[in-house]
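The block underneath contains the structure these notes are about, expressed in structure tokens.
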DNA sequence: GTCTATAGCGCGATAGAC
DNA sequence: GTCTATCGCGCTATAGAC
């Protein structure tokens, strides 16, 4: 392994992401990352000069990863209903991660958006737009195939689905956990079904 | 006015609530409150010895206030559909507050729940339960009157509505604001309509 | 690239005068 | 009940040796 292959960088990003998804960006510190990775705080600053810089890198990485998974789902041969279920499963997989229940990275950062920089705000906007656009495509596809009974504007329904998933993954961590998340998303599928 | 009528206490609570609804509990500090109220940090500690104590007091106050409004709606002579709309309007009123867009206090604290104490966790649970129970009652009432087309479990639908509203109020602050919030909630009403 | 050491600041919280 | 002053700590960030 070369010394510049980015393994340490990746470990730092992984630890930071885990912490933010559980505690929030304002609840995560370089010391927490230091403890998790087994590296000194100064070394983290070598890779990510400022906390804003670290968060922005994280947001980009998560967005690319998430959109790639979403695009794979969209381009698969599954039915629109199955595609939506697989999209929902992306959120559920996040929630049921090994280290305890985590929310979506963008859900956490979105909640704290007023205390972050303009760069982060732009990235959050981009994530929301990307999700809503792709969901709109998916919903329209399902309406054509008569598997979704879409009353009203598909864009509004897409925004509803996205808000619901982001909200549910935040809410259920306090009480019902994965079990309640599934109850809510099953109900969503029922409401959308033709 | 007596010196123990709690005016200062109320001012502190109001400022703290505003800050948490915009920045989150971890993004709010005693110094911020001090600046907002025009009182020294030490004086805040006189009224609320610890930050946890302040947050717990806030959560209780907000919960009582919100449930009172919700109960008033439930006990009114409005139709179930109108009642649900008025409930949604409680969230919209929070969002369009004068000092910039605010989320629900419990939405913000819920996102940061893993970095708060067990007392706060219990209060968050209580708020979620209270909302879901009342919403369930409202939805069943509407189903009887055939104004809601409830497929599936009313409890699951109630949890869906609550998660959606908490999620939407967090999400729309990044981009669409009140306009998008209204678009989403109108779509919800369409989906639930018989 | 990682380390030790530390600067500089803001935090929550306390002591004690008034 | 509010103030000034301060403690002790954790934070982000930097300097410089290795």
Mean residue ellipticity (222 nm) of the protein assembly as shown, computed from DSSP H runs ≥ 4 via -39,500 (n - 2.57), nearest 500: -24000 deg cm²/dmol
Under the rule rounded for a/c under 1.5, else prolate if a/b exceeds b/c, else oblate, using alpha carbon gyration tensor axes a ≥ b ≥ c, the range A:97-147 is classed as oblate
Calculate the tail of P(r) for the range A:153-194: the fraction of all Cα-Cα distances greater than 13 Å, expressed in %. 55 percent
Pull out a ≥ b ≥ c, the square roots of the eigenvalues of the alpha-carbon gyration tensor of chain B, then state rounded if a/c is under 1.5, prolate if not and a/b is larger than b/c, and oblate in the remaining case. prolate
Where does each of B:73, B:184 land when they are ranked from fewest to most other beta-carbon atoms within 10 angstrom? B:73, B:184
After finding the eigenvalues of the alpha carbon gyration tensor for the protein assembly as shown, what semi-axes result from the square roots of 5 times each, listed largest first in whole Å? 33, 31, 16
Please report which chain A residue places its beta carbon nearest the axis carrying chain A onto chain B, with the distance rounded to a whole angstrom. A:167, 1
So for the range B:1-106, averaging the separation of alpha carbon pairs under 8 Å that are six or more residues apart and normalising by length, what relative contact order in percent results? 27 percent
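What's the exposure ranking of B:164, B:118, going from fewest to most Cβ atoms within 10 Å?
The fewest-first ordering by Cβ neighbours comes to B:118, B:164.
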Which order do B:71, A:18, A:153 fall in if you start with the one that has the fewest other Cβ atoms within 10 Å? B:71, A:153, A:18
Placing a label point 7 Å from Cα toward Cβ, how far apart in nm is residue B:53 from its equivalents in the other copies, listed shortest first to one decimal? 4.2
Helix B:51-75 vs. chain B, principal-axis angle (Cα, 0 to 90°, nearest 10): 30 degrees
Return P(r) of the range B:1-65 (all Cα-Cα pairs; 5 Å bins starting at 0; whole %; ordered from short to long distances). 4, 18, 31, 29, 14, 4, 1
How tilted is helix A:177-192 with respect to the longest principal axis of chain A? Cα atoms for both, answer in degrees (0 to 90, nearest 10). 30 degrees
Per-residue Cβ counts within 10 Å, from other chains only, averaged over A:99-109: what number is that? 2
Taking Cα atoms, the helix B:118-144 axis meets the longest principal axis of chain B at an angle in degrees (rounded to 10) of 20 degrees
Sorted from shortest, what are the nm distances separating the label point of residue B:35 from equivalent points in the other copies, each placed 7 Å from Cα along Cα to C-beta? 2.9
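The numbers here are math on the coordinates, done by the rules we state, and not lab data. All figures in this text were calculated on a predicted structure; none of them were measured in a lab. Every residue, glycine as well, gets a Cβ built from its backbone with ideal geometry; the counts of neighbours run over all protein chains shown.
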